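S.K.: Got a structure here, written out as structure tokens. Questions coming.
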Amino acid sequence: MIRDSIKIGLLGLVLAGAGGPAHAQDVDLYESALRPGDVLRITVWPNAELGGEFPVESSGQAFLPFLGGVAVTGVPVQELREQIRTGFQAAQRNAVVTVTPLYRIGVTGAVQRPGLYLVPPTDGFFDVLTIAGGFSFRADMSKVTVIREGTVLRLDAETALETGETLPLDALSLQSGDQIMVAVQPEGIRFRDW
């Protein structure tokens with residue numbers, strides 16, 4: 001129990017430290033293009049009813065009010081954002097439009113709530129694990145894997161939590177379609193089980 005409390009506290013420190021290097025290096029968190037299954041969250045002021053969450057369909061398009069089908073896959077997010085803003089502002093003068101992509105991230109293995117999650121690109125590795133309920137008591141936190149388009153990133157989240165070291169920037173900045181897999185510890189009696 002005490003160990004888990006310490007880890008939660010260290011998680012906060014790691015998350016606080018994780019924002020520093022990413023911003024210092026001017027990493028574009030919106031670099032990952034959208035893929036089918038992702039979602040565009042759009043807000044429009046002053047007509048809130050024009051906004052909403054619009055899925056990216058298998059055709060690579062999202063169907064938006066006023067604009068109809070907009071090709072979104074393979075388009076850099078910043079370019080897509082400008083295209084959507086221009087379209088809405090042509091339909092409604094002085095509209096303030098916010099476009100946030102929501103990436104589909106899968107979380108499996110020894111977490112409390114495995115599943116698919118839609119997260120903004122500003123959410124990182126530990127943010128997504130928190131949304132999934134955190135590590136389960138059977139998690140082997142030293143063996144966490146992020147699979148990204150055929151590339152495998154192996155992470156030691158336990159050491160990062162215990163020492164306060166940040167994880168590699170590639171792992172902290174998740175991309176659309178990433179899969180996070182948390183290994184399960186082998187059976188046996190562990191102190192944590194008592």
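The values are calculated or read from the model by the stated rules, or taken from the named source; none is laboratory data. On a predicted model such as this, the values are computed, not experimentally measured, just so you know. Heads up, the Cβs are rebuilt from the backbone with ideal geometry, glycines too, and the neighbour counts pull from every protein chain shown. Just so you know, the surface numbers come from the protein's heavy atoms only, side chains and all, with ligands and any DNA or RNA stripped out. Shrake-Rupley method; radii C 1.70, N 1.55, O 1.52, S 1.80 Å.
Residues checked against (1) among the β-branched types (Val, Ile, Thr); (2) closer than 24 Å to Thr73 by Cβ; (3) at pLDDT below 90:
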| position | (1), (2), (3) |
| --- | --- |
| Val146 | yes, yes, no |
| Leu155 | no, no, yes |
| Gly164 | no, no, yes |
| Pro168 | no, no, yes |
| Ala183 | no, no, no |
| Phe191 | no, no, yes |
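S.K.: Please name all residue pairs, on different chains or six or more residues apart, with Cβ atoms under 6 Å, provided the first residue is in segment 167-189 and is open to solvent by less than 10 Å² (accessible area, probe 1.4 Å) and the second residue is at pLDDT 80 or above and assigned to a helix (DSSP H, G or I).
M.R.: Ala171/Phe125
S.K.: Which residue is farthest from Arg104 (Cα to Cα), if the candidates are limited to segment 35-46 and must be open to solvent by 40 Å² or more (accessible area, probe 1.4 Å) and under 20 Å from the mean Cα position of the chain (by Cα)?
M.R.: The qualifying residue farthest from Arg104 (Cα to Cα) is Thr43.
S.K.: For segment 100-138: of the residues being in a helix (DSSP H, G or I) and of a type in the set (Val, Ile, Thr), which is least open to solvent (accessible area, probe 1.4 Å)?
M.R.: Ranking the qualifying residues of segment 100-138, first place goes to Val128.
S.K.: Name the residue, out of Ser59, Ser5, that is at pLDDT 75 or above, exposed (fewer than 13 other Cβ atoms within 10 Å of the Cβ) and either more than 20 Å from the chain's Cα centre (by Cα) or charged (D, E, K, R) (or both). Break it down stepwise before answering.
M.R.: Working: Ser5 fails: at pLDDT 75 or above.
So the residue among Ser59, Ser5 that is at pLDDT 75 or above, exposed (fewer than 13 other Cβ atoms within 10 Å of the Cβ) and either more than 20 Å from the chain's Cα centre (by Cα) or charged (D, E, K, R) (or both) is Ser59.
S.K.: In addition: Check Gly87, Gly74, Gly150, Gly69 and return the single one that is small (Gly, Ala, Ser), under 28 Å from Pro55 (Cβ atoms), more than 17 Å from the chain's Cα centre (by Cα) and open to solvent by 70 Å² or more (accessible area, probe 1.4 Å).
M.R.: Being small (Gly, Ala, Ser), under 28 Å from Pro55 (Cβ atoms), more than 17 Å from the chain's Cα centre (by Cα) and open to solvent by 70 Å² or more (accessible area, probe 1.4 Å) holds for just one of Gly87, Gly74, Gly150, Gly69, which is Gly150.
S.K.: Among the residues of segment 90-99, how many are at pLDDT 90 or above and either loosely packed, with under 13 Cβ neighbours inside 10 Å or closer than 15 Å to Pro36 by Cβ (or both)?
M.R.: Initial filter on segment 90-99 (at pLDDT 90 or above): 96-99.
Applying the additional criterion that residues be either loosely packed, with under 13 Cβ neighbours inside 10 Å or closer than 15 Å to Pro36 by Cβ (or both) yields 96.
So the answer is 1.
For every residue, the table says whether it meets (1) part of a strand (DSSP E or B); (2) within 26 Å of Gly177 (Cα to Cα); (3) of a type in the set (Gly, Ala, Ser).
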site	(1), (2), (3)
Ser59	no, yes, yes
Phe66	no, no, no
Leu80	no, yes, no
Gly87	no, no, yes
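S.K.: Looking for whichever is over 24 Å from Gly177 (Cα atoms), of a type in the set (Asp, Glu) and open to solvent by 30 Å² or more (accessible area, probe 1.4 Å) here; the options are Glu53, Glu49. Which one fits?
M.R.: Exactly one of Glu53, Glu49 is over 24 Å from Gly177 (Cα atoms), of a type in the set (Asp, Glu) and open to solvent by 30 Å² or more (accessible area, probe 1.4 Å), namely Glu49.
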